[in-house]
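The values are calculated or read from the model by the stated rules, or taken from the named source; none is laboratory data. Since the structure is predicted, the reported quantities are computational estimates derived from the model, not experimental observations. All Cβ positions, glycine included, derive from the backbone under ideal geometry; neighbour counts span all protein chains shown.
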Amino acid sequence: MLKGPHRAKLERIGVSSWSFHTLFERSKDNPTATLMDVRDFPEMIADRYHVHNVEIVLPHFLGAEPSLVRDFKSRLAKAHSRLVHMPLDYGELWHKPGISATDPTEREHALALYKKGIDAAAALGCPLVRCDPGEVNLDDPSVTIDSYKQLAAYARGKGIKVVVENHYGSTSEHPEALVGILNAAGVGSLPDFENFPDEETRNRGLELLFPIAGGVAHAKTRQGRDFARCMQIARDAGFTGIFSIEAEYGGDRYVQVQKSVDALMANL
């Protein structure tokens, strides 16, 4: 059992299933690929990296049948690990207005999907979920704010917090607007080291997002990125949460995750 400062640092590191998404998702190029069983993920991460915080992207869970939920939770406990966050990804909402839609039917459909995802997270005992804002009208974000208030209230009733990432689109390009929406809605941020259009916006955006972070951030070690600067911004903001690794830039995913673990250990 690892002890002392080394163990304390590892306790602030997590690994997202997105790091291995090619092992969870069949592609048109390889439709018969053998997929990783999500129940094996916590033990694999614990054995390989001595990391016991896991993040499972909702589509990787492949259903919320009671037997699967029970088995996953049992395997999670056996690995002495915990599920710290679930990004509620829905492909049908990608690059669409989603919860920011002015069309009531479209908006209600998106809200219903996220509530279903919150139910799945509750069954798994996950304390944190990410819900994307969709394509936001920055001139009048009132619809987005109202949607987040609804989702936050629904999640709160199940002991869950909603967080929002600088994921893509206008909210990543204009972090001040994103933070204004989150503050107005009473939800936290999920700072991501990437997803900004340039370095200046990244530094400014992280400085705005980390003070309202909901407990998890996405750490990435893309070549050319000033990783140490991103970590310093988190420290300056007093962030004491978990850095969940998203290794997504090609090459051997197992190696990429180890590089990220090493970078975090050197900067925590």
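Points worth noting:
- Looking only at residues of segment 218-240 that are modelled with pLDDT of 95 or more and charged (D, E, K, R), we find that the one that is nearest to residue 268 (Cα to Cα) is 235.
- In this entry, residue 151 passes the filter for residues that are in contact with a helix residue (DSSP H, G or I) (Cβ under 8 Å, 6 or more places away or on another chain) and crowded, with 22+ Cβ neighbours inside 10 Å.
- Of the residues screened, residue 151 is one that is within 27 Å of residue 205 (Cβ to Cβ), in contact with a strand residue (DSSP E or B) (Cβ under 6 Å, 6 or more places away or on another chain) and either at pLDDT below 95 or part of a helix (DSSP H, G or I) (or both).
- Answer from 125, 134, 91 - the residue that is under 18 Å from the mean Cα position of the chain (by Cα) and at pLDDT below 95: 91
- Total residues in segment 180-216, condition part of a helix (DSSP H, G or I) and either farther than 20 Å from residue 150 by Cβ or basic (Lys, Arg) (or both): 13
- Looking at 263, 234, just one residue is touching a Ser or Thr at 6+ places or on another chain (Cβ under 7 Å), of a type in the set (A, V, I, L, M, F, W, C), touching a residue at least 24 places away in the same chain (Cβ under 8 Å) and assigned to a helix (DSSP H, G or I), and that residue is 263.
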